[in-house]
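Here is the structure we will look at, set down as structure tokens.
Only the coordinates and a few stated rules stand behind these numbers; no lab work does. Small disclaimer: the values here were computed from a predicted structure and weren't measured. So basically every Cβ, Gly included, is an ideal-geometry build from the backbone, and we count neighbours across all protein chains shown.
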Amino acid sequence: MTPFVGVSVGAHDNAERPIGGTVPDMIRSTIFAFVAAAAALSASACSKASQGEGAAATDGAHAVTVTDKGFSPTSLTLQRGEKGDIVFTRTSDETCATEVIFPELNVKESLPLKKPVTIKVPTENSRTFSFTCGMGMYKSQVVVR
Ligand SMILES: [Cu+2]
């Protein structure tokens, strides 16, 4: 009696165990795959953010080029009270910065290839506005002073 029950319970356990073991394994490998993909993506697309100071001012507008290395320049300095137009032009498809986000301004604009997109930054007060690509990388800034 006891051995039979034991075998029966054991068989039942064996039937159930693979299911119990498979789900966490799947979750684990899914998480691993996601982390690996994210790491690969950030390594290939976002790790090379270049540092740069200064701004090319044309007609009072500041130009930012979006390349495979991210935004260039990564830091713009505006004088308080000046026209706060920032013109973004994406020149490469090899970038994840297909949109630009200004979190403090609640601005999110897509950046079509080779099409200038103007974003207005308020310049009444001295402050810093950060901007990033759509995934929050390529951290860059506009400094009003
Ligand atoms: Cu990105």
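Available extension along the chain between residue 65 and residue 115 is 16.9 nm, counting 0.36 nm per residue and deducting the alpha carbon span.
Across every pair of non-identical alpha carbons in the range 61-145, the mean reciprocal distance, once inverted, gives a Kirkwood radius of 12.5 Å.
Placing a pseudo-label 7 Å from each Cα along the Cα-to-Cβ vector at residue 77 and residue 93 gives an inter-label distance of 3.8 nm.
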